[in-house]
Amino acid sequence: MRVDTWDHVTRLRKWLDTDAAPTLVEDTRLLRVLKISEELGEVAEALHGALGANPRKGASHGWGDAEKELADVIVTAAVALDTVSADAAAVVEMQFQNRAPEKKTATGDIRLLRVLAISEDMGEIATTVYGALGTGPREAEATHTWDDVEARLGGLIATAADALDELNGHAWATVDERLQFLVERVAA
């Protein structure tokens, strides 16, 4: 991503570092990763509202709301990545460049499946964080590193970008075009 985008992400992270209640470094990392789940819940709420899938609430959201919430997931994941990585921009760039286009063979609304894939990434991140901390439901030794967590967070950003692309119908000729769109969404 362009430097100005990551400068913005770093400013957000530093603001949180300065103004949030003091916590241990490891707790800060965990809270930043956990925040992604909160934002993903808001995507789910917006999708339900856009589809009118909850009869109690009806059509409470539009597709633009879902796009905005997906952009929030991307920004939140970028802040979490910037918290654990010395070079978050390089991690994300590598994820975008190494992603192979997927065939759309699933039945159902592919937009919903793309968002669900973010949940899968969150599960992998949780397992990797447990492993990096050497604490987990089953392990008492470090099975992963924070570099592994970085890669998983970068992958989540790419997955969320795929979901956003699917939702708004954009097709990008280059990685740079996609990143520029994300920069504009983040700035909005």
Picked from the range 107-134 (must be open to solvent by less than 50 Å² (accessible area, probe 1.4 Å) and outside any helix (DSSP H, G or I)), the residue farthest from residue 41 (Cα to Cα) is 134
Give me the pairs, please: first residue somewhere in the range 30-43 and surrounded by fewer than 19 Cβ atoms within 10 Å (Cβ to Cβ), second residue anywhere and of a type in the set (Ser, Thr, Tyr), beta-carbon distance under 9 Å, and either six or more positions apart or on two chains.
30/23; 31/23; 35/76; 37/119; 38/76
Restricting to the range 1-11, give me the number of residues that are open to solvent by less than 50 Å² (accessible area, probe 1.4 Å) and either in a helix (DSSP H, G or I) or out of contact with any helix residue (DSSP H, G or I) (no Cβ under 6 Å at 6 or more places or on another chain) (or both).
4
Please go through the range 54-99 and give me each residue that is open to solvent by less than 20 Å² (accessible area, probe 1.4 Å) and not in a helix (DSSP H, G or I), ordered by number.
85
Out of (1) assigned to a helix (DSSP H, G or I); (2) open to solvent by less than 70 Å² (accessible area, probe 1.4 Å); (3) at pLDDT 85 or above, the odd one out for residue 152 is which?
(2)
Across the range 21-43, which residue is farthest from residue 159 (Cα to Cα) among those that are among the hydroxyl-bearing types (Ser, Thr, Tyr) and modelled with pLDDT of 90 or more?
28
Restricting the first residue to the range 149-164 and requiring it to be within 13 Å of residue 116 (Cα to Cα), which pairs with a second residue that is among the acidic types (Asp, Glu) meet a Cβ separation below 7 Å and a spacing of at least six or different chains?
156/121; 159/121; 164/67
Scanning for something touching a Ser or Thr at 6+ places or on another chain (Cβ under 6 Å), closer than 24 Å to residue 167 by Cα, surrounded by fewer than 20 Cβ atoms within 10 Å (Cβ to Cβ) and modelled with pLDDT of 90 or more, does the range 44-52 turn up at least one residue?
yes
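The values are calculated or read from the model by the stated rules, or taken from the named source; none is laboratory data. Note that the structure is predicted; figures quoted are calculated from it, not measured. Reconstructed Cβ throughout: ideal geometry from the backbone, glycine too, with neighbour counts over all protein chains shown. Areas reflect the complete protein model, heavy atoms only, side chains present, ligands, DNA and RNA absent. Shrake-Rupley method; radii C 1.70, N 1.55, O 1.52, S 1.80 Å.
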